[in-house]
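Below: one structure, written as structure tokens.
The values are calculated or read from the model by the stated rules, or taken from the named source; none is laboratory data. Here the structure is a predicted model, which is why all the values come from computation and not from measurement. Counting neighbours? That spans all protein chains shown, and the Cβs are built from the backbone with ideal geometry, glycine included.
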Amino acid sequence: MNVLILEDSLEFIDRLKEIVLKGQLGTFLKLSIEAYNDNFQSIDFSRNYGLIFIDIHLNEYDGMKLADELKQRYPDAALVFVTADDSLVFQSLTVQPFFFIRKECFDEDYELFEKMFVKHYNDHYMIAFTTRSKKVNLRLKDIVYIEVVGHKLNIKTIIGETYTISKSMQDIKKEIKSNKLVQIHRSFLINMDYLYSVSSNTVSLSNGDVLNIGRNYKKDFQEIFQEYLMNGGI
């Protein structure tokens, strides 16, 4: 996901980058961050931004007007105002932002924003693919795991459906821009949200399936699992 930060304080840009990359968003999403502290007319509009942080008070620039332009250009992006001026909360509603972060309450507000955004992302992120008979749009949150079977993939869903597609594991990993799906074996890619328990050699999923952890994937998975627990998983 491409992230855009528009903020005239370089110090605050660094702080925001750090918390975004080290928090849940950086853990479970593949992020690319672009930041501007001036020369806002040079923003790279060729990129499709999914998340935009913008300070309402930008040096010699109307942040509210710029936010409105960005909202029109990227209607599906989550636009987040970050400002020290609480009095602008209601005025900002005309742009219909996703969230409003107060700088003096940054840690508290960001934590709440992060929880809301992760839920929003998982509820809305769609994966499009074609089976033998039809085209399917499937929400990431509905996928329990993906299994390699021969030269095809079986996508197992939470409601018990299985979709078979002609793709490789590497192809599907490149297409799905989320670290929620973690490879634990050369044949298995699991959705961490459906992880029920973990033993030394297997994982149990909330649909009742038990999958083996591959020897070559064990170390990386243990590190990811520990980070997942630290961020409130299971």
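Quick one: is residue 133 within 25 Å of residue 53 (Cα to Cα), of a type in the set (Ser, Thr, Tyr), modelled with pLDDT under 90 and part of a loop (DSSP other than H, G, I, E, B)? In short, no.
Matching residues to (1) out of contact with any strand residue (DSSP E or B) (no Cβ under 6 Å at 6 or more places or on another chain); (2) under 20 Å from residue 118 (Cβ atoms); (3) modelled with pLDDT under 85; (4) in the same structural domain as residue 211 (by TED's automatic domain parsing):
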position	(1), (2), (3), (4)
137	no, no, no, yes
144	no, yes, no, yes
155	no, no, no, yes
158	no, yes, no, yes
164	no, no, no, yes
171	yes, no, no, yes
179	yes, yes, yes, yes
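When the residues of the stretch 112-154 are filtered to those that are over 20 Å from the mean Cα position of the chain (by Cα) and among the β-branched types (Val, Ile, Thr), the one that is surrounded by the most Cβ atoms within 10 Å (Cβ to Cβ) is 148.
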